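Below is one structure, written out as structure tokens; comments come after it.
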Amino acid sequence: MKSLALELGTALAAILTATTVSSEKIPDEFMTSGFALGCQAYTFNRFSVFEAIEKTAQAGGKVIEFYPGQKLSPGQPDVKWDHNASDEVIEKVKAQLARHHIKAANYGVVGIPRDEAEARKIFEFAKRLGLYGVTTESVEAIDTIEKLVKEYDICVGFHDHPKRATDPNYRMWDPNYILSLVRDRDRRIGSCADTGHWVRSGLKPVACLRILKGRIVSSHLKDLNEFGKLEAHDLPYGTGVSDVPAILDELKRQGFEGNISIEYEHNWDSSVPDVAQCIGFVRGYEAAKR
């Protein structure tokens, strides 16, 4: 009997070890209705990093996901922001984040090399900024990624773009393929669920989230004007075809702890009001649940 209890205890410990994500949680002060909600800086790609941080704050966001290659500031447009940034540039960005009370939560979509020394630069950058996660599509580097995820305790989400009629070898659009990549890997490796690209691929986001249950690291949450059309464009949450409340319900049900990035790829020059409407929708979603 004692032997059976010991075996059961050992099995339970193994299950807990396999299913617990130990990456540092995003603090409650950066939550909106229970979600770490903010912007993917690509929403403001016609502006600088400094302006993207400011505009995220103006819209009511509390976190930001950076992407590589954005110009640093109006005063330094020739300086590009990425994981090769100097100490001075990193400190300038951290000061701008503090000024607007925005937390850097994620970085991507960025290519992660197989070469460990090169990949390590990305993880060192993420650690210095206190990021929760990194977003990539670098499937070929998954062994390197897993090693560094364990070392740095930083999540990595595999991002999906839409299916490509001219490139049948591109499989990132398929949540079943993403699951096949990550299911036997460290629990900090999962999906960056881009719901808009799923909709463009003719997939229903909630069904995709359920396929990837427990492996959603982060999300690019979008509401689009058409289903199954590559040319579909973003709309404020609740005004398109994506059923954002059902998506939020599913993320809550799964105990999702990552960041939600509003990647608004429409009205490029003046999207702050639309982004603010998205954030207001999530606030209203929570209020309606009470």
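The values are calculated or read from the model by the stated rules, or taken from the named source; none is laboratory data. Keep in mind that what you see is a predicted model, and the values were worked out from it rather than measured. So basically every Cβ, Gly included, is an ideal-geometry build from the backbone, and we count neighbours across all protein chains shown. When the accessible area is computed, the model is the full protein with side chains, heavy atoms only, and any ligands, DNA or RNA have been set aside. Shrake-Rupley method; radii C 1.70, N 1.55, O 1.52, S 1.80 Å.
The table for this structure:
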read-out: Output for segment 203-233, where each listed residue is of a type in the set (D, E, K, R), closer than 22 Å to residue 109 by Cα and within 19 Å of the chain's Cα centre (by Cα); value: 213, 215, 222, 223
read-out: Every pair of residues 6+ apart whose Cβ atoms lie under 8 Å, when the first sits in segment 127-156 and is at positive phi while the second is at pLDDT 95 or above and of a type outside the set (Lys, Arg); value: 130/104
read-out: Residues of segment 255-290 satisfying the condition of being among the small types (Gly, Ala, Ser), within 19 Å of the chain's Cα centre (by Cα) and surrounded by 15 or more Cβ atoms within 10 Å (Cβ to Cβ); value: 258, 261, 276
read-out: Residue pairs meeting the criteria (Cβ under 7 Å; at least 6 apart or on separate chains; first at pLDDT below 95, in segment 267-290; second part of a helix (DSSP H, G or I)); value: 285/245; 285/248
read-out: From the options 213, 229, 252, residue that is touching a Lys or Arg at 6+ places or on another chain (Cβ under 7 Å) and either surrounded by fewer than 17 Cβ atoms within 10 Å (Cβ to Cβ) or in a strand (DSSP E or B) (or both); value: 229
read-out: Those residues of segment 237-249 which are part of a loop (DSSP other than H, G, I, E, B) and among the hydrophobic types (A, V, I, L, M, F, W, C), in sequence order; value: 241
read-out: Segment 216-226, residues that are open to solvent by 50 Å² or more (accessible area, probe 1.4 Å) and either under 21 Å from residue 178 (Cα atoms) or not in a loop (DSSP other than H, G, I, E, B) (or both); value: none
read-out: Conditions (1) touching a residue at least 60 places away in the same chain (Cβ under 8 Å); (2) outside any strand (DSSP E or B): number failed by residue 52; value: (1)
read-out: Some residue of segment 204-222 being touching a Phe, Trp or Tyr at 6+ places or on another chain (Cβ under 8 Å) and without any contact (Cβ under 8 Å) to a residue 40 or more places away in the chain; value: yes
read-out: Single residue of 109, 93 found to be β-branched (Val, Ile, Thr), within 28 Å of residue 32 (Cα to Cα) and open to solvent by 50 Å² or more (accessible area, probe 1.4 Å); value: 109
read-out: Among residues of segment 169-210, those that are touching a strand residue (DSSP E or B) at 6+ places or on another chain (Cβ under 8 Å) and of a type in the set (Asp, Glu), counted; value: 1
read-out: Set 148, 203, 209: member being farther than 30 Å from residue 266 by Cα and either modelled with pLDDT of 95 or more or not aliphatic (A, V, I, L, M) (or both); value: 148
read-out: Contacts under 8 angstrom Cβ, first residue in segment 251-264 being touching a residue at least 40 places away in the same chain (Cβ under 8 Å), partner open to solvent by 50 Å² or more (accessible area, probe 1.4 Å) and among the aromatic types (Phe, Trp, Tyr), 6 or more apart; value: 263/42
read-out: Count of residues meeting criterion [within 13 Å of residue 240 (Cβ to Cβ) and out of contact with any Asp or Glu (no Cβ under 7 Å at 6 or more places or on another chain)] in segment 206-222; value: 1
read-out: Conditions (1) surrounded by fewer than 20 Cβ atoms within 10 Å (Cβ to Cβ); (2) more than 28 Å from residue 144 (Cα to Cα); number of the one not met by residue 127; value: (2)
read-out: In segment 159-192, the residues that are touching a Ser or Thr at 6+ places or on another chain (Cβ under 6 Å) and either more than 26 Å from residue 24 (Cβ to Cβ) or open to solvent by less than 10 Å² (accessible area, probe 1.4 Å) (or both); value: 159, 162, 163, 173, 178, 192
read-out: Unique residue being over 30 Å from residue 205 (Cβ atoms) and open to solvent by less than 10 Å² (accessible area, probe 1.4 Å) when the list is 72, 148; value: 72
read-out: Test for residue 191: is it modelled with pLDDT of 95 or more, of a type in the set (S, T, N, Q) and more than 13 Å from residue 162 (Cα to Cα); value: yes
